[in-house]
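Below is one structure, written out as structure tokens, with a few remarks after it.
Only the coordinates and a few stated rules stand behind these numbers; no lab work does. Worth saying up front: this structure is predicted, and the values here are computed from it rather than measured. We place every Cβ from the backbone using ideal geometry, glycine too, and count neighbours over all the protein chains shown.
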């Protein structure tokens, strides 16, 4: 019985001490970074869609851009300015401060979209698209959204 136990301990030790450490620390091959993402036409299209997706965020056309356009106008008013922490009431009364989350979040998400558009514009020339007209179209779209 002791011999079997010694052989088991010896086998575990041999396997444990000879394991390759390189195999334990592999970088994930499923994660995408900017360096290995912009390689194909499909990935560029995905990045273009990501730029358009920023427009749908709550802080842009989801809510805040219509709010900024309507609440300060004569068309609407904020009935209970104190109930929203002042964020909409400040717009209605033209007393907006820089800490207002509507303004802060609107600018932050706008610049996220600009950054995404710039990334596409910087990477699209390196990609061979099947049709040159598609490339020109995407460049025009990104410049329009960035503006």
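Rounded to the nearest 0.05, what FRET efficiency do residue 112 and residue 41 give with R0 = 30 Å and r taken as the Cβ-Cβ distance? Could you check?
Numbers: r = 24 Å, r/R0 = 0.80.
With R0 = 30 Å, the Cβ-Cβ based efficiency is 0.80.
Ranking 98, 40 by Cβ neighbours within 10 Å, fewest first, what do you get?
Numbers: 98 6, 40 12.
Sorted ascending by nearby Cβ count, the order is 98, 40.
Once fully extended, how much extra length lies between residue 56 and residue 84, figured as 0.36 nm per residue of separation less the alpha-carbon to alpha-carbon distance? The partial results should precede the final answer.
Numbers: separation 28, 0.36 × 28 = 10.08 nm, distance 2.25 nm.
This chain segment gains 7.8 nm when fully extended.
In what order do 87, 112, 136 fall by count of nearby beta-carbon atoms within 10 Å, going from fewest to most? Each step should come with its number before you reach the end.
On the way: 87 20, 112 16, 136 12.
Lowest count first: 136, 112, 87.
Label 7 Å along Cα→Cβ of residue 65; the stretch 87-110 residues with amide nitrogen under 13 Å?
Answer for the stretch 87-110: 106-107, 109-110.
Could you list 125, 92 in order of exposure, starting from the residue whose Cβ has the fewest other Cβ atoms within 10 Å?
Ordered from fewest to most neighbouring Cβ atoms within 10 Å, 125, 92 come out as 125, 92.
Pairs of alpha-carbon atoms within less than 8 angstrom and 6+ residues apart define the contacts here; what relative contact order does the stretch 34-146 have, in percent? Please list the in-between numbers first.
Numbers: 97 pairs, mean separation 37.6, N = 113.
In percent, rounded to a whole number, it is 33.
By how many nm would the segment from residue 93 to residue 143 grow when fully extended, if each residue of separation counts as 0.36 nm and the alpha-carbon distance is taken off? Working shown, then result.
Working: separation 50, 0.36 × 50 = 18.00 nm, distance 3.48 nm.
Full-extension gain reported as 14.5 nm.
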